[in-house]
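K.L.:
I'd like to ask you about the structure that follows.
The values are calculated or read from the model by the stated rules, or taken from the named source; none is laboratory data. Worth saying up front: this structure is predicted, and the values here are computed from it rather than measured. Note that each Cβ is placed from the backbone with ideal geometry, even for glycine, and that neighbours are counted across all protein chains shown.
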Amino acid sequence: MENPFMITFDFPLVDSDRKIPVKAIVKLHHSEPASFYKVHSFHVIAAKPVIAGMPPYSFLPDQEIRSLDEDDGILWVHNDSERPTLLSMAIGKAIEEHLAKQ
């Protein structure tokens, strides 16, 4: 597996059917008790820079997520809270899709 790698996913907006196409960079971190993924540099796909020649700023802070094995499949949670969100699940799905291609 390459490390780091880029993922793309649809970021769902809360209380809406709309989704924003996003790309981000993912790096696997090995640690105890469980390995996790640090995700950073979130950019809207096809977004133009605010200032010509400047790259767009990441619109989300860095995220740390990991997978938990559940009876009905894998659950992607934030490393600190161990709770899933729409964001952690969207990122996790994109990571799974990337790893399946390897």
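Residue by residue, here is whether (1) touching a residue at least 12 places away in the same chain (Cβ under 8 Å); (2) over 23 Å from GLN102 (Cα atoms); (3) among the hydrophobic types (A, V, I, L, M, F, W, C) holds:
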site	(1), (2), (3)
THR8	yes, no, no
LEU13	no, yes, yes
SER31	no, no, no
PHE36	yes, no, yes
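K.L.:
Could I ask something else about it? Could you grab me the full set of residues in region 38-49 that are in a strand (DSSP E or B) and either surrounded by 14 or more Cβ atoms within 10 Å (Cβ to Cβ) or without any contact (Cβ under 8 Å) to a residue 24 or more places away in the chain (or both)?
P.N.:
LYS38, VAL39, HIS40, SER41, PHE42, HIS43
K.L.:
Of everything in region 53-78, what is assigned to a loop (DSSP other than H, G, I, E, B), under 21 Å from VAL22 (Cα atoms) and modelled with pLDDT of 90 or more? Give them in sequence order.
P.N.:
Residues satisfying the conditions are LEU60, PRO61, ASP62.
K.L.:
Related question: Quick check: is even one residue across region 23-33 modelled with pLDDT under 90, part of a loop (DSSP other than H, G, I, E, B) and either within 17 Å of ASN3 (Cα to Cα) or within 9 Å of the chain's Cα centre (by Cα) (or both)?
P.N.:
Looking through region 23-33, at least one residue is modelled with pLDDT under 90, part of a loop (DSSP other than H, G, I, E, B) and either within 17 Å of ASN3 (Cα to Cα) or within 9 Å of the chain's Cα centre (by Cα) (or both).
K.L.:
Continuing with this model, one more query. Just need a number here: residues in region 34-52 that are under 15 Å from GLU64 (Cα atoms) and modelled with pLDDT of 85 or more.
P.N.:
So the count comes out to 8.
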